[in-house]
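First the structure, in the form of structure tokens, and then the observations on it.
Each value in this text was obtained by applying a stated rule to the coordinates, not by laboratory testing. All values derive from a computational prediction rather than experimental measurement. Positions of Cβ are backbone-derived with ideal geometry, glycine not excepted, and every protein chain shown enters the neighbour counts.
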Amino acid sequence: MAEIAKQLRRAYDGARPGEKLLAVHLFVIENAERLRHLNIESFVNEAGLKPSYRFEVHKALNLAYYVKVIAKPGPHTISVTSSG
């Protein structure tokens, strides 16, 4: 869990102001299969994020069932498509 938590923290820290939450959502959607079996509270704590982010991780895990990332054309551009 430590390595993927560090990756989430890097995504969070690397996001522009106002896009931190978006970075968390995108990271979770991209890594949903790796995250589903983890204790989300522990994962968020390990990443050094506020405890309230556990709700956002749960939301993004649920959203991952319905969308997938199809391209990241630029550092701050996100494209998703419905998978069902």
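If you go through region 1-16 one residue at a time, how many are in a loop (DSSP other than H, G, I, E, B) and free of Cβ contacts under 8 Å to residues at least 40 places away in the same chain? I'd like the intermediate steps shown before the answer.
At the first step, the residues of region 1-16 found to be in a loop (DSSP other than H, G, I, E, B) are 1, 15-16.
Those still in the list that are free of Cβ contacts under 8 Å to residues at least 40 places away in the same chain too: 15.
Residues that pass the stated criteria total 1.
Just name the residue that is nearest to the chain's Cα centre (by Cα) out of those in region 39-68 that are closer than 15 Å to LEU21 by Cβ and in a loop (DSSP other than H, G, I, E, B). Can you show your working first?
Looking only at region 39-68, we keep the residues that are closer than 15 Å to LEU21 by Cβ, and these are 44, 47, 49-61, 63.
Now restrict to residues that are in a loop (DSSP other than H, G, I, E, B): 49-52.
Values: LEU49: 12, LYS50: 14, PRO51: 15, SER52: 14 Å.
Looking at the filtered set, the residue picked out is LEU49.
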Matching residues in region 17-38 (of a type in the set (D, E, K, R), under 13 Å from ARG54 (Cα atoms) and in a helix (DSSP H, G or I)) number 0
